Amino acid sequence: RQRALLWAVLLAAWEAAWGQLRYSVPEEMPKGSFVGDVAKDLGLQLPALKDRDAHVFDTGRTRYFFLDLRNGHLSMMEPVDREEICATVAKCVLNFEILVKRPMNIYKGEVEILDINDNPPSFPERRSVLEISENTAPGVRFPLERAHDPDIGVNSLQNYECSESSYFTLDVKTGDDGVKYPELLLVKSLDREQQAAHNLILTATDNGSPMKSGSTTIQIIVLDGNDNAPEFTQSVYKVTVREDVAVGSQVLQVTATDRDEGPNAEVKYSFFKIPEKFNKTFKMDPESGEIVIMENLNFEEHEFYELVVQARDSGGLSSHSKVLIKVIDVNNYVPEIVIMSVFSPVPEDTPLGTVIAIFSVQDRDSGANGEVQCSISDSHPFRLEKSFEDYYRVVTARELDREQVSEYNVTVRAADGGSPALQSSAVLTLRVLDVNDNAPVFAEERYSARLAENNAAGALVLRVRATDADWGQNARVRYRLSEGRKFVVDAEKGIIILQEALDYEDTRAFSLAVEARDGGGLVAHCKVEVEVLDVNDNAPEV
């Protein structure tokens, strides 16, 4: 299995465009194997990765990678089998994102999983039986079971070989889907009385290094009698269906005729070596040749089916034809919005252009049905920016003012390009955090009071009041007198009371300066004029 390759990491490419990273590694790399130096490729210092709380996210359900914050390396979380996750896809790519904070940003990356020749071609059965009438004319072809090799490229199945025979030769054809189909060609008339059975070995090989192969034994039983095989009206049947066609609907009907008479002309229809994954999708009526859909189709999973149908008479003679079914995509998936990160609460003095939220949108449809447009309301002080592909970020577009709006419910809408378009939405709740940007404001710039001179200490003079538009500690106001020993003010309530007795004959008026200071240190001032009223507290002096 070329274990030496498992320890060699092949770094294919890297580019820094919207934070794009590209790496490649062979499949089956053990856990902890090095994939790429993320810190170096992103130009980030190692302490910055930890301080900015860097995290790696896999886009699928299985986690394949982890980010080591000690050295900035992206490594394998577990061995990956390319054939298991990508099947026959030519380029197997696993996507990931790296999210960092302070400032918030996201980097997209992909790791291409390179194929190694770790699977030999294999046949569904180690031994198969093929029945052929002795009346079969030379030149007739018999489809054989195909081998399967989950590898790709030169590591996949490349050719078939058959053991020597004076009656048969092997012909390999390439179908419209690029798959090689082995067929057995009869080159010499059979004689059951001379030889009732023939045994051949069919071998499938790939072109990997080293080359791998698999074999199956074909036993050919020569039948007596019935010298006419059924013939299909077409060698290839083609049909196009929508993916939302109802279960139970007829796809098409194939027809074959047999020139024999009686029981030898009775034809039965069936699928020939249908793949197991299609066995539950279609059903064939053995009497009429009608092909019916048995489960819902999905364009995103299979957009093309190639089936082989067989017509067999009661004497054992058969012929084959291909059925090509093309599935048309319909707009049946709603765009899915995935909120990745939200920065809330947002300080009201946040600079313009600050990233508030990052989200992605996905639509499993294809073509225009899978092209998604996102939008948010223009009435909010935010705008939408597209990062790359299907990733968006919400940034501040206008200055925030908590005293006007303390919370925003931003609705993100996504609509695809189908007809009619399918839509979805998500709500981002963004709370605005107060900063101390408002000084206290007195209800009046100047207060006045009249107080008789015979009032005792502790008498109420008046109450001043200041308000602050900020919130929390920033809105808490405390009062103090800048001067005046005969008066004192309650720091919390703003009540001014007399601290010493007054004497009209000594001082007839007082001018006090009151300061209001909020929790953030912003201040306001007002004037308080106190007029002293005379009372008859002095006898005449001679």
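Scanning the range 195-212 for residues that are among the hydroxyl-bearing types (Ser, Thr, Tyr) and over 21 Å from residue 173 (Cα atoms) yields one hit, 209. Scan the range 86-99 residue by residue and report those that are on the phi < 0 side of the Ramachandran plot and either modelled with pLDDT of 85 or more or part of a loop (DSSP other than H, G, I, E, B) (or both). Listed by number, the residues that qualify are 88, 89, 90, 91, 92, 93, 94, 95, 96, 97, 98, 99. Those strands (runs of 3 or more DSSP E) of the range 100-213 in which at least 1 residues are over 30 Å from residue 21 (Cβ atoms), considering only elements entirely within it, cover 127-133, 141-143, 157-162, 168-174, 180-186, 197-206. Filtering the range 284-323 to residues that are over 37 Å from the mean Cα position of the chain (by Cα), outside any strand (DSSP E or B) and in contact (Cβ under 8 Å) with a residue 24 or more places away in the chain leaves 288, 289, 314, 315, 316, 317.
The residues in the range 190-212 that are at pLDDT 90 or above and open to solvent by less than 70 Å² (accessible area, probe 1.4 Å) can be counted, and the count is 7.
So which pairs qualify, if the first residue must be in the range 53-69 and among the aromatic types (Phe, Trp, Tyr) and assigned to a loop (DSSP other than H, G, I, E, B), the second must be modelled with pLDDT of 85 or more and open to solvent by 60 Å² or more (accessible area, probe 1.4 Å), the Cβ gap must be under 9 Å, and the two must be at least 6 apart or on different chains? These pairs meet every condition: 64/78. A search for C-beta distances below 6 Å between a residue of the range 32-47 that is more than 21 Å from residue 94 (Cα to Cα) and any residue that is part of a helix (DSSP H, G or I), counting only pairs 6+ apart in sequence or on different chains, returns 46/39.
For the criterion of being modelled with pLDDT of 85 or more, more than 41 Å from the chain's Cα centre (by Cα) and assigned by the TED database to the domain that holds residue 317, residue 255 passes.
Within the range 467-492, which residues are among the polar types (S, T, N, Q), closer than 30 Å to residue 348 by Cα and open to solvent by 40 Å² or more (accessible area, probe 1.4 Å)? Break it down into steps so the answer makes sense when it comes.
Here is the first cut: in the range 467-492, the ones among the polar types (S, T, N, Q) are 467, 473-474, 482.
Subsequent filtering for residues that are closer than 30 Å to residue 348 by Cα retains 467, 473-474.
467, 473, listed by residue number.
Checking the range 26-44 against the condition returns a match, with at least one residue being among the aliphatic types (A, V, I, L, M) and open to solvent by 20 Å² or more (accessible area, probe 1.4 Å).
Of the residues 441, 464, 523, 514, which is under 30 Å from residue 404 (Cα atoms) and open to solvent by 80 Å² or more (accessible area, probe 1.4 Å)?
Working: 464 fails: open to solvent by 80 Å² or more (accessible area, probe 1.4 Å); 523 fails: open to solvent by 80 Å² or more (accessible area, probe 1.4 Å); 514 fails: open to solvent by 80 Å² or more (accessible area, probe 1.4 Å).
Going through 441, 464, 523, 514 in turn, the sole match is 441.
From the set of residues in the range 368-404 that are in a strand (DSSP E or B) and of a type in the set (Gly, Ala, Ser), which is surrounded by the most Cβ atoms within 10 Å (Cβ to Cβ)? Applying the filter and picking the extreme gives 387. Contact annotation: residue pairs with Cβ atoms under 8 Å, 6 or more positions apart or on different chains, pairing a residue in the range 176-200 that is in the same structural domain as residue 137 (by the TED database) and over 20 Å from residue 123 (Cβ atoms) with a partner that is of a type in the set (Lys, Arg) and open to solvent by 70 Å² or more (accessible area, probe 1.4 Å), are 186/141.
Does the range 358-367 contain at least one residue that is in a loop (DSSP other than H, G, I, E, B), open to solvent by 40 Å² or more (accessible area, probe 1.4 Å) and not charged (D, E, K, R)? Yes, the range 358-367 contains a residue that is in a loop (DSSP other than H, G, I, E, B), open to solvent by 40 Å² or more (accessible area, probe 1.4 Å) and not charged (D, E, K, R).
Mind listing whichever residues of the range 228-278 are surrounded by 16 or more Cβ atoms within 10 Å (Cβ to Cβ) and among the acidic types (Asp, Glu)? Matches in the range 228-278: 243, 258, 260. Residue 430 fulfils the conditions (1) surrounded by 12 or more Cβ atoms within 10 Å (Cβ to Cβ); (2) without any contact (Cβ under 8 Å) to a residue 60 or more places away in the chain except for a single criterion, (2).
The values are calculated or read from the model by the stated rules, or taken from the named source; none is laboratory data. Just so you know, these numbers come straight off a predicted model, no measurement behind them. So basically every Cβ, Gly included, is an ideal-geometry build from the backbone, and we count neighbours across all protein chains shown. When the accessible area is computed, the model is the full protein with side chains, heavy atoms only, and any ligands, DNA or RNA have been set aside. Shrake-Rupley method; radii C 1.70, N 1.55, O 1.52, S 1.80 Å.
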